[in-house]
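Step one of this worksheet: look at the structure below.
Each value in this text was obtained by applying a stated rule to the coordinates, not by laboratory testing. Just so it is clear, the structure is predicted and the values come from calculations on it, not from any experiment. Using ideal geometry, Cβ is built from the backbone for each residue, glycine included, and neighbour counts are taken over all protein chains shown.
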Amino acid sequence: MLKLLQSLFADGLFIPHGHCYLWKTGLVWLHIISDSLIALAYFSIPIALVYFVRKREDLPFKSILLLFGAFIISCGTTHIMEIWTLWHPTYWLSGFIKAFTAFISVYTALTLVPIIPQALALPSPAQLEIANSQLKLTLKELADTQTQLIHTEKMSSLGQLVAGLAHEINNPINFIYGNALIVKEYITDLLKLISLYQECYPQQVTEIQAFSNKIDVDFIREDLPSILSSIVTGANRISNLVLSLRNFSRLDEAEIKQVDIHEGIDSTLSLLQSRLKGEGNHPDIQVIKEYGNLPKIYCYPGQINQVFMNILSNAIDTLKESVHGCNLSSTKVKETGNQKPLNNNPQIRIYTKLLDTNKLIIRIADNGCGMTEEVKKKIFDPFFTTKDVGSGIGLGMAISYQIIDKHGGELNFISDFLQGTEFLIQLPIKTDY
């Protein structure tokens, strides 16, 4: 073994390789530089391969890459030996290194053959791109489904709540309304009876006259009918509110039905009436209706009313913000002491028009704060909201977009920051669902 090692490193039996080049300086340096650069390149490639393999733990065929690294290092070493043997004729050592390089080259080639079919079976970049697009589409459909499920659950809960409220409120209101009419008749008769007593017995007993003056019978005679009328009017208003709740939720109309769009808008506005009123020194939100002559359309009424509710609620929110200090570029603003203009005339404008024989448009515009470019890009994204935590979960506009799309319509908007927002809803008169 010792003799073998000595023979490998012995250089006395041969002449250096430089003699073959007759020690011509230019030729020697040409081979030195060429072999050095080749060896440097060979040694740098395995470093890059090892780094790549370590960073990509999921990479297939790691072993073949490492074999390639060993093969390239061996090739680089043979070029180093080419430089060494120019002066030191250790050709046995050089030969063994070449033999090792040959062995690892053949082994790498034999290892590569069986994995070629597996490598060919790997998806191409184009196939990966298609798969990635399909995955994105699936994720979007999943998000849409999740949004729809949440919407269905919310509408179901809302329906149950409205049904309970309508039932519980309607019964006592009918009782009050029905009995108020009877009480009005009774009171009218009693007042007539008092008048007859006063006519027949003008000279009343002192105690009766004193009590009559104390309670002011004449005032009661004048005021009591108006009180009863106010009770009846209040009962009517509550009945109308219950009717608006029913029209909004359309609990008995889960199927497609021919409905009046204006009735749905008015019912939604009735439910939002309290939010349209001003607070403190701030003005009421004015609603301007410009209704066109529209035919009834076929739709899911509860869902369309939900769209109106979402858009109008957002309009009210932005108008309330503008009233408290949003910088609106409007002619009807006033400058406060801190140079922060307030919206002095908050408005919602609702415009409807028949576009053609099978399409209508509903435009709902406000002169509120408008949207920034960032908000406009995400307005229909599920779970995107500009409201404070606890004030909304960001599903209103995403659900509205899905509902209008489901009806074969279009939901678009026009908005600029400080210029207000307008939503445009196009709906077909009749379509196949």
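The label point for Ala131 and the one for Ala41, both projected 7 Å from the Cα toward the Cβ, are 3.4 nm apart.
Close amide H pairs (under 5 Å, H built 1.01 Å from N) link Leu355 with Leu360, Ile361, residues at least 5 positions away or on another chain. The stretch between Thr145 and Glu185 holds 8.6 nm of extra length on full extension. This uses 0.36 nm per residue minus the Cα-Cα distance. Taking a sphere under 12 Å around the Cβ of Ile215 and counting the other residues whose Cβ falls inside, with K and R at +1 and D and E at -1, yields a net charge of -1.
Would you mind counting up the charge near Ile38? Only other residues with Cβ under 15 Å from its Cβ, with Lys and Arg at +1 and Asp and Glu at -1.
Working: positive: Lys98; negative: Asp35, Glu82.
My count for the surroundings of Ile38 gives -1.
If the chain linking His262 and Phe380 were pulled fully straight, counting 0.36 nm for each residue of separation and taking away their Cα-Cα distance, it would gain 40.0 nm. Charge tally around Gly178: other residues with Cβ under 14 Å, Lys/Arg +1 each, Asp/Glu -1 each, net 0.
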